[in-house]
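Since the structure comes first, as C-alpha cells, the remarks are kept for the end.
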Amino acid sequence: MSKIIKSVLINIFGFITDTISMYILGNNFDYTLTKQIYISSLLRIIVLYIGHINYTYKDTLMSKRKLAIRFFVWEFISMFIVNQLVIYINRVILNYLRDHVNDLKLYKILLEKIDDKYEFKTRVNILLKQTIIILFYFIVDIRIYKKIFY
C-alpha cells in the first residue's frame with residue numbers, strides 16, 4: 001500500500017480522535033473554544049504520531065528520534081496555524097451572525113445563547129475545524145510529510 005494511502009488512513013483515525021474529543025470537551029466541560037480546539041488537536045497529534053511511526057513510515061531509515069523531532073515540530077506549527085484560522089473564522093462569522101440573529105431562521109441550529117451572547121454550537125465548531133484541517137492536509141501537509149519522513 002502506498003505511503004499516501006497509509007497516511008490518509010492514519011489521518012482518518014486522527015480526525016475521529018479530534019472530533020470525538022472536541023465534542024466531549026464542548027458538551028461536557030466548561031472550556032473555551034480555544035481550549036477545546038487545542039486539547040483535541042494535541043490528542044489528534046498523539047494518535048497521528050503513533051500511527052505514522054508504527055504503520056505509515058515504519059520502514060523509514062531515519063532514526064526514531066530524528067523522525068519524532070521533525071514530526072512534532074511540523075505538527076505543532078501546523079496545529080497553531082489551523083487552530084488560529086479556526087478561531088479567527090469563528091469570530092468573524094459570529095460577529096456577523098450576532099448582528100443578524102433575528103433575521104436568521106436557522107440560528108437555532110447553528111447558535112446557542114451562553115452568558116447572554118450567541119456562540120456556535122459544538123458541532124458547528126467541529127465542522128469548521130475539520131473542514132480547515134482537511135483543506136490544510138491536502139494543500140500543505142501531504143507535501144510536508146514527504147520532506148519530514150524521507
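Worth a mention:
- Residues whose amide H falls under 5 Å from that of LEU111, counting only those 5 or more places apart or on a different chain, are LYS121, with hydrogens built in the peptide plane.
- Exposure check, 1.4 Å probe, all protein chains in place: PHE76 carries approximately 90 Å² of accessible surface.
- With all protein chains in place and ligands, DNA and RNA left out, the 1.4 Å accessible area ranks PHE72, PHE138, PHE15 as PHE138, PHE15, PHE72, largest first.
- List THR122, THR34, THR19, ordered by accessible area with a 1.4 Å probe, largest first: THR34, THR19, THR122
- Legend: translational diffusion of segment 40-119 by Stokes-Einstein, Rh = Kirkwood radius over C-alpha pairs, 20 °C, 1.002 mPa s; D = 136 µm²/s.
- ILE89 accessible area, 1.4 Å probe, all protein chains in place, Å² to nearest 10: 50 Å²
- Heavy atoms of LYS64: accessible area, 1.4 Å probe, square angstrom to 10: 100 Å²
- The chain: relative contact order in percent, alpha carbon pairs under 8 Å with at least 6 residues between: 28 percent
The values are calculated or read from the model by the stated rules, or taken from the named source; none is laboratory data. Predicted, not measured: the structure shown is a model, and the values here were computed from it. Ligands, DNA and RNA are excluded from the accessible area calculation, which covers all protein heavy atoms including side chains. Shrake-Rupley method; radii C 1.70, N 1.55, O 1.52, S 1.80 Å.
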